[in-house]
Amino acid sequence: MIRVVVGADDAIATGANLVAEVVAARPDATLGFATGATPAPLYAELARRRQAGLVDFSRAHAVALDEYLGLAPDHADSYAHQLHREVTGPLGIAREHCDFLRGDAPDPDEECVRYERVLARGVDLQVLGIGRNGHIAFNEPGTDVASRTRVVQLAPSTRQANRGLLSTLADTPEAALSQGVGTILEARRILLIARGAAKAEALERALRGPVDPACPASALQLHDDVTVIADEEAAAGLAQAGAIRST
Ligand code: PGA
């Protein structure tokens with residue numbers, strides 16, 4: 001089932017409530033965090049609630065969705081570095097409870113196998129963004145719904161969109177390690193966040209179109225516990241905002 005909540009502050013509050021609910025029910029929950037600009041307001045709200053003593057992440061565990069190939073965790077542009085700085089640090093998740101993909105692993109394929117074992121212990125909630133081309137994590141259009149964590153080539157549009165985080169396009173890696181679509185679908189609950197008009201078409205295809213590898217996010221229709229939080233701009237193409245859709 002996919003639940004869609006549209007709005008600015010309301011949607012962020014809904015997402016924060018969901019994360020808080022998961023951690024209240026299971027204080028040592030494993031949370032999967034996405035990087036990027038989209039989830040930043042959610043993480044800020046969670047950090048605010050943590051400061052106010054409303055939620056406690058001290059026993060929670062954190063995993064990542066993806067990582068640039070070749071970047072060490074202490075590289076300023078690595079997702080591991082961003083997650084520590086923007087998410088797990090502000091939320092108070094202990095470093096020893098964070099297990100992120102190693103972009104600089106000597107054998108990246110082996111690192112992906114290791115990460116599948118980490119994730120197989122169970123992800124209670126996975127936070128996701130959606131790309132303009134419908135990607136989730138670095139699963140670009142054409143990715144099989146059964147795909148697992150692996151090394152992937154990045155679409156030119158994805159490198160271009162992400163380049164703001166890195167100094168130049170030439171510095172943006174051409175490959176990444178990414179959870180697969182099938183891996184993501186094994187999380188117990190999924191929270192997808194979409195903000196801005198640039199995501200409207202992808203979100204509409206993901207939620208209203210057929211399940212089709214051409215839009216990897218459409219595979220979320222196969223999951224039984226997905227919450228989508230979207231602002232009005234990103235939700236513009238959804239005819240029935242707030243609708244509950246069974247698949
Ligand atoms: P964004 O990325 O938050 O930078 O828009 C989302 C995504 O591509 O998954």
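The values are calculated or read from the model by the stated rules, or taken from the named source; none is laboratory data. Because the structure is predicted, anything quoted here is derived from the model rather than measured. Here the Cβ positions follow ideal geometry from the backbone for every residue, glycine too, while neighbour counts run over all protein chains shown. These area figures cover heavy atoms from the full protein model, side chains too; ligands, DNA and RNA do not enter into them. Shrake-Rupley method; radii C 1.70, N 1.55, O 1.52, S 1.80 Å.
Quick rundown of the values:
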quantity: Within the chain, percent of DSSP bridges classed antiparallel, to nearest 5; calculated: 35
quantity: Rounded to whole Å, sorted largest first: equivalent-ellipsoid semi-axes of region 105-247, Cα gyration tensor; calculated: 25, 20, 12
quantity: Inter-probe distance in nm under a simple model that places probes 7 Å from Cα toward Cβ, at residue 208 and residue 51; calculated: 3.9
quantity: Computed [θ] at 222 nm, deg cm²/dmol, the chain (DSSP H ≥ 4; -39,500 (n - 2.57); rounded to nearest 500); calculated: -8000 deg cm²/dmol
quantity: Among 27, 179, 223 - extreme Cα towards positive end, dipole of region 2-244, charges at beta-carbon; calculated: 27
quantity: Cβ-derived FRET efficiency at R0 22 Å, residue 3 paired with residue 59, nearest 0.05; calculated: 0.25
quantity: Residue-normalised accessible area of region 61-191, given per residue in Å² at a 1.4 Å probe; calculated: 41
quantity: Semi-axes of the equivalent ellipsoid for the chain, Cα gyration tensor, largest first, Å; calculated: 24, 22, 17
quantity: With every protein chain in place, region 2-244: carbon and sulfur % of accessible area (1.4 Å); calculated: 50
